[in-house]
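These notes are about the structure you will find just below.
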Number of protein chains: 2
Amino acid sequence: MSGGVEWALHCCVVLTSVTEPVPAARLAQLHAVSPSYLAKQLQALSRAGLVRSVQGNAGGYVLTRSPELITVLDVVEAVDGPGPAFSCTEIRQRGPMAAPPQSCTVPCAISRAMAGAEATWRDALRSVSVADLARDVESDYGSGTLAGISAWLGTGGR
Amino acid sequence: MSGGVEWALHCCVVLTSVTEPVPAARLAQLHAVSPSYLAKQLQALSRAGLVRSVQGNAGGYVLTRSPELITVLDVVEAVDGPGPAFSCTEIRQRGPMAAPPQSCTVPCAISRAMAGAEATWRDALRSVSVADLARDVESDYGSGTLAGISAWLGTGGR
DNA sequence: GACAACTCGGACATCTGTTGTCCGAAACAG
DNA sequence: CTGTTTCGGACAACAGATGTCCGAGTTGTC
């Protein structure tokens, strides 16, 4: 699992509380991470259509839709790629005791088990929205936390 | 996700049907994969205590316990490592707006969401045993499939 | 009891994917 | 129109996975 997923999720939560575009460099400052690498993750979010990038003098990133409509799975797939983590090599069709192709109309039992597990994983991530995360943050660190971060981002909290 | 997991699972299913030790080289022949690399995966299974290795002239690998008691999760953790795929970097405690340590007694919301999803994934893998996989194989390719493979392994099916 | 053959086990290269960095293209504000 | 600020994709460095090899140990045989 790519470590950039964590950064992207934190950025999405932060972007919940702002209405003005926020540059990638500012987000990197806030989290004390590499600005160049964070930019790459934000590009992935932009490509996936989760955030909208505006260029120019007062540019930056903004969420494209309501945080309620952005799931954690969306972010994970945008950054880590949509493909399943487990890929079946179909080794049942190889070797001296290979299964005949006409018997391989459905995925093999091992592939089914792994795919089923990944499906539950995806369902769990799909059931949590970025808005839920933001709500939990407020609950964990006190109401007004995100408002404070938003203020820091807007003003020159350098 | 390591691709060797697939190999290890296939080997465990095959080992279901044998009582004599099977060398790694023979298993590699059966699946038409690299013998040296498969040996590494089997070593991991041995280290985890899922299979027992016997050396010497008629040596090889055997399951240490009934296939009913070996879950898919056991194999995945043995080969891929037990650690969670997502590791929280605690970036909430970094940067100018860092959360105070006394507020960080519990994992952050993002970490909780990811951990919960992984927990469901693990539960799904834990609910499937190697015996279940063997049963599915018999159901998919006809009863007696594993017996045929066992015979090929035992006799010099070269 | 000694020998020989066969097996596993860990140490050694190679290679793809992630991590990290940089500069050019585009766009907004003045 | 120009300068500044921003994103976007192309370019290296590193790590883990992939693949390979030979030595230590054990078993069966003579």
Item to complete: Filter the range B:32-82 for residues that are within 23 Å of B:D132 (Cα to Cα), more than 14 Å from every other protein chain (Cβ to nearest Cβ) and among the charged types (D, E, K, R) and give the result.
Response: B:R52, B:R65, B:E68
Fill in: Every pair of residues 6+ apart whose Cβ atoms lie under 8 Å, when the first sits in the range B:70-86 and is polar (S, T, N, Q) while the second is assigned to a loop (DSSP other than H, G, I, E, B) and away from DNA strand D (no atom under 14 Å from the Cβ)
B:T71/B:S127; B:T71/B:V128
Worksheet entry | Per-region count, the range A:40-56, residues among the small types (G, A, S) and away from DNA strand C (no atom under 11 Å from the Cβ) | 3
Response to the item:
Exactly one of B:A44, B:A24, B:A8 is among the hydrophobic types (A, V, I, L, M, F, W, C) and either more than 14 Å from the chain's Cα centre (by Cα) or modelled with pLDDT under 95 (or both), and that residue is B:A24
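Condition first: free of Cβ contacts under 8 Å to residues at least 60 places away in the same chain, assigned to a helix (DSSP H, G or I) and basic (K, R). Can you find one or more residues in the range B:40-54 that meet it?
Taking every residue of the range B:40-54 in turn, at least one turns out to be free of Cβ contacts under 8 Å to residues at least 60 places away in the same chain, assigned to a helix (DSSP H, G or I) and basic (K, R).
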Worksheet item: Which of the residues that make up the range A:97-119 are among the β-branched types (V, I, T) and facing another protein chain (nearest Cβ under 8 Å)?
Response: A:V106, A:I110
Discussion item. Quick check on the range A:7-24. Is at least one of its residues of a type outside the set (S, T, N, Q), in a helix (DSSP H, G or I) and near DNA strand D (Cβ under 8 Å from one of its atoms)?
Written reply: yes
Item to complete: Would you mind stating whether B:A99 is within 29 Å of B:T120 (Cβ to Cβ) and part of a loop (DSSP other than H, G, I, E, B)?
Response: yes
Fill in: Positions within the range A:105-158 being touching a helix residue (DSSP H, G or I) at 6+ places or on another chain (Cβ under 9 Å), among the β-branched types (V, I, T) and farther than 30 Å from B:L73 by Cα, in sequence order
A:V137, A:T145, A:I149
Response to the item:
Cβ pairs under 8 Å, 6+ apart or interchain, first in the range A:15-39 and within 15 Å of DNA strand C (Cβ to nearest atom), second assigned to a helix (DSSP H, G or I) and of a type in the set (S, T, N, Q), ordered by first then second residue, are A:P35/A:Q29
Discussion item. Going residue by residue through the range B:2-17, is there one that turns out to be away from chain A (no Cβ under 13 Å) and surrounded by fewer than 18 Cβ atoms within 10 Å (Cβ to Cβ)?
Written reply: no
Practice prompt. Go through the range A:127-158 and give me each residue that's more than 8 Å from every other protein chain (Cβ to nearest Cβ), in a helix (DSSP H, G or I) and surrounded by fewer than 15 Cβ atoms within 10 Å (Cβ to Cβ).
Written response: A:S139, A:A147, A:A151, A:G154
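Looking at A:A119, is it modelled with pLDDT of 95 or more and surrounded by 15 or more Cβ atoms within 10 Å (Cβ to Cβ)?
Working: modelled with pLDDT of 95 or more: yes; surrounded by 15 or more Cβ atoms within 10 Å (Cβ to Cβ): no.
When the stated conditions are applied, A:A119 does not pass them.
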Item to complete: Hey, can you tell me all the residues within the range A:55-71 that are within 10 Å of DNA strand D (Cβ to nearest atom) and part of a loop (DSSP other than H, G, I, E, B)?
Response: A:Q55, A:G56, A:N57, A:A58, A:G59
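The values are calculated or read from the model by the stated rules, or taken from the named source; none is laboratory data. What you see is a predicted model, and the numbers here were worked out from it, not measured in a lab. All Cβ positions, even for glycine, are placed from backbone atoms using ideal geometry, and neighbour counts span all protein chains on display.
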